[in-house]
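Participant: Okay, handing you the structure first.
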Amino acid sequence: NNVAVYYGQGYNQPRLKHFCEQTTSDIINIGFINQFPKHVGDFPGSNFANQCNGAFFPGTELLSGCHQIWQDIPSCKAAGKTILLSIGGGTATAQSIPDEATAVWFADFLWYSFGPYNPAISSLGWTEELAGLAFPRPFLTSSVDGFDFDIEYNGGVGYAAMINRLRWHFTKSPEQTYYISGAPQCPIPDAQLSNAIANSHFDFIWVQWYNTGGCSAADWVHGTGKFNFDDWVGVIEKSANPNAKLFIGLPASKDAANAGFYLTPKEVKPLVKTYMNKHPKHFGGVMLWEATAGDNNLIDGSTYTEHIKDILYD
Ligand SMILES: CNC(=O)NC(=N)Nc1ccccc1
């Protein structure tokens, strides 16, 4: 069982390698690509809070000075971590995929800019003269192991096409396994990602079992509503990848989510044990929002993230 954490939006967050030096997290979602291309040829935009130097590729909102992330990804991979780039996030309120051509363009952009570095296609020193001729490399020679879809607004059309295009790129790169993941809200069907989950292959689905009352992990603990892990297993079994792993998404500290959704490790343990044992085939582990909040949430001398890891391994 794995611990997946989001990284990139933490308050005063340390650099990525701080988390890669810890054994606690196995999958790290770097967020976010929070501006989407408006048409073919248009660049997406990114935000990684304090991690980059504020420079953008000329004429774009895509950060070009994320040297710590570039430097840290190789050591994260050497430590056995899976590094995914997360698309969307809570601030992407105005983002959408206008049509299939843009979905394919967006997938190609992400693959050539953040996937395996190919100097024939992408330029480390990208400038505007290269627009339309080469892709930029925001993390320079470093690459990610796949893409996470944290689509919280304007979902539906386009995401299945984007993910299927990424999957096509994955098949052309057998040198390693690449992954697709998603972070739907707990109500079924998820307003933004249900179409993509039904029509394109996800490896991991970490449901945000927080911030939405009625189906949350806190509902299970408090005996309210209906925590719907069982129903999400049903969604996955009917999806394009019936073998996708299902993670329980949780806030990593009190102020990492809306009021009332944070659970202490003592409250989490019976929930995780129940569903780990009830669905051994589908249970993938726990996702935490987010890495720095968990790191700063010290309980009996251990971080929240360590407590969650211990619960999975006890
Ligand atoms: C996977 N994405 C998230 O978990 N986003 C998220 N937690 N956004 C947020 C919403 C309300 C308060 C704090 C964070």
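Participant: Considering only residues that are over 25 Å from the mean Cα position of the chain (by Cα) and in contact (Cβ under 8 Å) with a residue 12 or more places away in the chain, look in the stretch 212-225 and name the one that is nearest to Q185 (Cα to Cα).
Facilitator: So, considering only residues that are over 25 Å from the mean Cα position of the chain (by Cα) and in contact (Cβ under 8 Å) with a residue 12 or more places away in the chain, the one nearest to Q185 (Cα to Cα) is G225.
Participant: Condition test on I28, is it within 16 Å of the ligand (Cβ to nearest atom), of a type in the set (V, I, T) and either within 19 Å of I308 (Cβ to Cβ) or loosely packed, with under 15 Cβ neighbours inside 10 Å (or both)?
Facilitator: Criteria met by I28.
Participant: In the list N258, N199, N211, N228, which residue meets the criterion of being surrounded by fewer than 22 Cβ atoms within 10 Å (Cβ to Cβ), within 23 Å of T177 (Cβ to Cβ) and among the polar types (S, T, N, Q)?
Facilitator: None of the other options fit; the residue is N199.
Participant: Across the stretch 1-24, what is the number of residues that are part of a loop (DSSP other than H, G, I, E, B), at pLDDT 95 or above, more than 16 Å from the ligand (Cβ to nearest atom) and in contact with a strand residue (DSSP E or B) (Cβ under 9 Å, 6 or more places away or on another chain)?
Facilitator: Number satisfying all stated conditions: 2.
Participant: Can we say P184 is under 28 Å from F227 (Cβ atoms) and either acidic (D, E) or under 17 Å from the mean Cα position of the chain (by Cα) (or both)?
Facilitator: Yes, satisfied.
Participant: If I filter the stretch 150-169 down to residues being part of a helix (DSSP H, G or I) and surrounded by fewer than 18 Cβ atoms within 10 Å (Cβ to Cβ), which single residue comes out as nearest to the ligand (Cβ to nearest atom)?
Facilitator: Once the filter is applied, the top-ranked residue is R167.
Participant: Among the residues of the stretch 77-95, what is the count of those that are surrounded by 15 or more Cβ atoms within 10 Å (Cβ to Cβ) and within 27 Å of A257 (Cα to Cα)?
Facilitator: 12
Participant: For the condition within 16 Å of the ligand (Cβ to nearest atom), of a type in the set (A, V, I, L, M, F, W, C) and modelled with pLDDT of 95 or more, what is the one hit in F147, F139?
Facilitator: Selected residue: F147, the only one of F147, F139 that is within 16 Å of the ligand (Cβ to nearest atom), of a type in the set (A, V, I, L, M, F, W, C) and modelled with pLDDT of 95 or more.
Listed here are the residues, each with its yes/no results for (1) within 17 Å of the chain's Cα centre (by Cα); (2) small (G, A, S).
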residue	(1), (2)
G8	yes, yes
I28	yes, no
G45	yes, yes
N50	no, no
D72	no, no
A78	no, yes
T102	no, no
A120	no, yes
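Participant: Select from the stretch 286-305 the residues that are within 15 Å of the ligand (Cβ to nearest atom), in contact (Cβ under 8 Å) with a residue 60 or more places away in the chain and in contact with a strand residue (DSSP E or B) (Cβ under 7 Å, 6 or more places away or on another chain) and write down the one among them that is nearest to K273 (Cα to Cα).
Facilitator: V286
Participant: Does S239 satisfy the condition of being among the polar types (S, T, N, Q), within 13 Å of the ligand (Cβ to nearest atom) and either surrounded by 20 or more Cβ atoms within 10 Å (Cβ to Cβ) or modelled with pLDDT of 95 or more (or both)?
Facilitator: no
Participant: Next question, about the same structure. For L85, only one of the following conditions fails: (1) touching a Gly at 6+ places or on another chain (Cβ under 9 Å); (2) closer than 20 Å to A55 by Cβ; (3) assigned to a loop (DSSP other than H, G, I, E, B). What is its number?
Facilitator: Checking L85 against (1) touching a Gly at 6+ places or on another chain (Cβ under 9 Å); (2) closer than 20 Å to A55 by Cβ; (3) assigned to a loop (DSSP other than H, G, I, E, B), the one that fails is (3).
The values are calculated or read from the model by the stated rules, or taken from the named source; none is laboratory data. Not measured: the values here are computed from a predicted model. Virtual Cβ from ideal backbone geometry, glycine too; neighbours counted across all protein chains shown.
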